[in-house]
Structures are given as C-alpha cells and as structure tokens.
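Reading through the structure tokens given below for one structure.
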Amino acid sequence: MSHDHDDRPGLNAAQAEVALNPPPGRVGGDLVTETLQGLGAATVFGVSGRPAPGLSGALRRSALAYVELGAENNAAFAADAYGRITGEVAVLLLTAGPGALAALPALQEAAAASAPVLAVCAQVPAAGLGGRRHGHPRGLRDQQASFREVVKSVHPVRTASHIPSAIAAAWESALTAPHGPVWVEIPEDVLRAETVLPPVSALDATPRELYPRPELTLVAADLLARAARPAIIAGGGVVRADATGKLRALAERIAAPVATTYGGKGAFPWEHPLSLRSWPGDPRVTELLEAADVLLVVGSGLGALSSGGHTFAPRGRVVQIEADAGKLESNHPALGIHSDAREGLDALLDAVEPREDATAADRVRTTLETAPDPAAAAQGPGPDAAAQGPGPDAAQGLSPAAADQGPGPDARVLAAVRAALPDSAPSFWDLTPLTTRAWSAFDARRPNTMHSAQGAGGPGYALPSATGAAFADPTTPVLAVTGEDDAPHTAAELTTARRYGLPVTWLIVDGDGDGDGDRVDGGDGDHEDRDGGPDALRPDLVALAESLGVPALRSTPASLATDLTTALCAPGPSVIVLRAR
C-alpha cells in the first residue's frame, strides 16, 4: 500500500541531528518544558522555590518564565486569571499530595469560569502507585480521584516517553469548547530520571471546533424570525468565544432585546438601544425576558447565579446554544443546540431572516426608565460628588437595579471605580456585598474585563488573580477588590506584585461597601469596637502594605475616584483602604 501524501510534521536536518544525538544531562522534567514550549507556552505558574521535583533544572534550561507565588492556591488563581485574560492555556506546576490539594478550590473556580488551565502535578514514585503504600511523602491512595470530578480531563503519565503525548492531549482538551482546567500527573522518579529520548518537536494540539447541527439551526432561525417578542440572554460563553460582534449583529437583525448574565458582562454594548444591561436582580428586566415568546440563551446554563436562585420562569419557547453538553436543558426545556457560541451565532446569522420591529428599542427604554435616575443615585448627595467623584458618563455604569437601592455608600464606590478604571483594565472581585451589587450595576465596557469568584473561589481570590492577569499584559493596570475581613488571606501576595513590579492596585473596602451599621465611628472616623471584639483584632492594612514596600493610603467615597486614578496610573503595585462611610 502506498501513500500519495503525508501531512505528518517532519524534521529539518538540524533537528534530525539533535534527535539522533540528544544533548546529555536531560531528565523527564526537560520533556515537560520542551513540550510546553513546543505548544506555545511562555509563562508557567507555581510556588516560590518549590516547583515539582525534576523541574527546577529543566526550567532553568528552558525559555519559560516561571512565576512564583506564595502558595499553591494563589498560584492556581493566578493561572486561572491568565487563562481568562489571554484565552490561552495557562500552565500550573504543582507538587504531589498537599500541594496539589491546596489548588483544588482554584481549579474548581477555573472550571466554573471555563478557564483553560493545564495543571502539571507530580506524583509519588511509580513504585508507590496502584494502592502500594510504600510510605512516600505526600502520598495519596488515589490522587487523580481528588481532581477527576473538578477538572475537565485527567491525563496520567507513567513513563517518560508518554510525557509529550499526555501534555499535548491535555492542551487540546483545555482549549476545546467548553474551555476548562485539565490535569496531568507524572511520578517524581519519572520527572527526575535522566532520559536519552530526543528533544520534543513537531507538536500539534489544535482544539476541535464545535459546530451546531444544521437542522437545529434551521428550526431556531425560523422560530426567531417568526417571533412576536424575541429576547436574548448572553452568558460568559459569548465572551469566551469572542462572539460579541456576532451577538450584536443577530440582535439587530431580529430586533431582540439583550440581557447579560454576570459572567456575560460586556457581551453586548451597555448603551445599545437593545441593551437590557446586566439582568439578574432586576424584576422589570426579568418580566420582559419571561414574557418573550422565543428566548434565545447563548453561552449560559442559567444556573442559580444567573436565574435568581432558579426562580426565573420563561413562558415562551427557549432556544439554547451551549458548548457544555451537561448544561443543555439542565434548567429549562429548550431546543438545545450543542455548539460553541461563536459557531452557533454564525450559523444563525446565515440562516435567519431579518425581522422588523420598531417597538423593540422602545420596550427596552421603557423597562430601564421605570427606575430612578441612575446618575443621581450614583453621585449621591453633597457638593464633592461632582468635583471629586465620577461624572455623568461614569454614573451610566449603574443599572436600574442599582439605582433602586438608593445612593448608599456602595453606589458611590461603584461609580468611583467606574470613573477611574480604564475601559481596557481588568478587575477581579472577591465575593462581597459590594461585588453582588456590581454584578448587576457595573458597566464592563469591554468584554472579559470584570471577573469575580462565582464557582469556588472563596476569600482571597482577587489579589492573586489580579497578579496573574498582570503577567498577561504588564502594560495595562489591574484592579483587585477585596473586603477588609478577607484581605489578610492573601496580603502576602503583595510581595509577589512588588517583586515583579506589577501594575496591580488593591482596593480594600471596609465593611465591604455595604454601609455596615454594626460598627461605631469614633470622632476621627476610625472604627471602634465597643467590646474589644473583631474590630480590635483587625490589622492596620495600610501599615502592613507599607511594611512590604508597597505604597498605601486611606481613602473615602468622596476621594476614591481621584485616589484610584492616581494609583492605576502609577507604576508598580499600590493599596487603597476605603472607609465606606
């Protein structure tokens, strides 16, 4: 049998010579770094001074930049953010046992956000695998089992020759829609052992495209073209698929109002005539969406956070485009189309007939105008608001849902943040009362710029995530927002931001921006605790930052926009501690 063509990659003469005569002194860890470089990785994340055994020397011999953080969970959050911002695979190096387990919450967060993270984890020597308890340090009976229900795919390695194939398969899995974290596990003795295998070359891990079934697209296009009151809900899948332009084109073609979930912020222009803005939490928008006779849901499973705790009840026909097959029709009966958002919307644009509806924009405007003026609510009372706080354009970054809650301290804080934050600058938010308000109220003017811990991040997500994002683009400032009680969880990572000179501004909000009335103000505005309770034990976060060599100051809602603007424009890290009242 003869073959007329062969698409397999080959080697040039120099590569062939190296393959036949590999350089001495290489170990299994070199196969890891060579594979990562061959796939296009440039930056890898791990813990300071403790990469997996066999990788320290391999990293020094490679061109990879090794970013060191203080703890495994923080390194994993940084990798998550790097993957979200770049859309590329973020590599995370972990040690076996406790080091790996510490990263579990961050990997679950990456799974919830569909972030492409490739975790390369060491395992005890091969002799201790398969239930043979040889007493190796950090040994777990079944380490893979701890991660199998969290990550997208698991790729165990048992020999050095298997390393390139396993990492390439994991890389492809991480980037195939839906994106997600993946797990590669390599025994320590395999990583440390010398190898005579040739250097890795000619890798291909191109992700598979996920196209919609044409007959389902045809039915969906017909439903939307004939609908009397169509509407669209856009989730994070639209942002991750870089499908915002196609979403806008489809909405305009069928004159359909568009709302976004928390994860879908920025998927549709905030001030567009058809924009319902960030939807969850606004009963007027909920009613408009529930009354749609055809509701198109793109890139969302309408989980608890995106549906008011599963209270959302659409009364019309639902069409759902979703890359994660497990989310299709998981909460509502629908015409389920298993497809990446970009391919699904592209197919609909080719198939759907234009629909005329001169009243669609009026219905959106009426829905949004039933709330008090957002500008007045955001500015708050007092003469300093106009001078030092955000102007009218920034105030438009607050939705009717925010305006309904009145001009409280958190409304002024959000408006100040929106005024100071450049449109291209990403922000990362710990889960606080201020964050839950920001989900509905904050205008992310560009997609993929507002991120919060929605899956399993817990306290301490924001600062290490902002650190990872800064490595993705060191020329753009990054904002981290944390409540005062949660700040000590990750304050040590200020040393990472300072060591690398990263443009990370950490905003620490006293009382989480909710106007907490349980505390008593002293005459100088400082909080006093009547009984010497928790307030008395809080560290001085400004002094703590300064002790680590990071500039820090105390701010107020009136001066926050100015203080943030100054900090975000300055080189290197900075800390702002905000007294919310």
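The values are calculated or read from the model by the stated rules, or taken from the named source; none is laboratory data. All values derive from a computational prediction rather than experimental measurement. Note that we place each Cβ from the backbone using ideal geometry, even for glycine, and neighbour counts take in every protein chain shown. Each accessible area value is taken on the protein alone, full model and side chains, heavy atoms only, with ligands, DNA and RNA left out. Shrake-Rupley method; radii C 1.70, N 1.55, O 1.52, S 1.80 Å.
Distance between the 7 Å Cα→Cβ label points at Arg158 and Ser56: 3.0 nm. For the pair Glu271 and Gln144 in one chain, pulling the backbone fully straight at 0.36 nm per residue adds 41.0 nm over the alpha carbon distance.
Just to be sure I follow: if Rg is taken over the C-alpha atoms of segment 415-509 and Rh is the Kirkwood radius over the same atoms, what is Rg/Rh?
On the Cα set of segment 415-509, Rg over Rh gives 0.93.
Of the GluC sites (Glu not before Pro) found in segment 227-299, those that fall in a DSSP loop while having at most 16 other beta-carbon atoms within 10 Å are Glu271.
Grab the other residues whose beta carbon is less than 11 angstrom from that of Ala469, score K and R as +1, D and E as -1, and report the net.
Net charge around Ala469: -1.
Here's how it looks for Ala255: its modeled amide H is under 5 Å from those of Arg355, which are all 5 or more places away or on a different chain. Among the lysines, which have Cα under 27 Å from the Cα of Lys152 when same-chain residues fewer than 8 positions away are ignored? Partners found: Lys265, Lys327. For Arg317, the residues 5 or more places off, or on other chains, whose built amide H falls under 5 Å of its own are Val294, Leu295.
With coordinates expressed along the principal axes, the C-alpha atoms belonging to segment 216-303 extend over 29, 29, 26 Å, beginning with the largest.
Were the residues from Ala543 through Ser165 laid out at 0.36 nm apart, the gain over their Cα-Cα distance would be 131.1 nm. For GluC sites (Glu not before Pro), the sites in segment 174-229 that DSSP calls loop and that have at most 14 other Cβ atoms within 10 Å are Glu209. Does anything in segment 52-68 have its amide N under 19 Å from the 7 Å Cα→Cβ label point of Ala193, and if so which residues? Under 19 Å, as judged by backbone N against the label point of Ala193, lie 52-58 of segment 52-68. Accessible surface for Ser48 stands near 50 Å², nearest 10, in the context of the full protein assembly shown (1.4 Å probe). Using a probe of 1.4 Å on the protein chains alone, the accessible area found for Glu172 is around 50 Å². Which whole-angstrom value gives the distance between the alpha carbon centres of segment 295-325 and segment 411-445? Cα centroid to Cα centroid, the span is 24 Å. Taking Cα centre as origin and charging only the Cβ of basic (Lys, Arg, +1) and acidic (Asp, Glu, -1) residues, the dipole magnitude of segment 181-298 rounds to 580 debye.
The calculated FRET efficiency for Tyr500 paired with Asp204, based on their beta-carbon distance and R0 = 35 Å, is about 0.60. Here's how it looks for Thr43: its modeled amide H is under 5 Å from those of Ala65, which are all 5 or more places away or on a different chain. 3J(HN,Hα) couplings calculated from phi for segment 436-443 with the Karplus curve 6.51 cos²θ - 1.76 cosθ + 1.60 (θ = phi - 60°) are, in sequence order, 4, 6, 4, 3, 8, 9, 8, 8 Hz; Gly and Pro show x. Ordering of 233-240, 85-92, 362-369, 492-499 by packing is 233-240, 85-92, 492-499, 362-369, highest average first (other Cβ atoms within 10 Å, averaged per residue).
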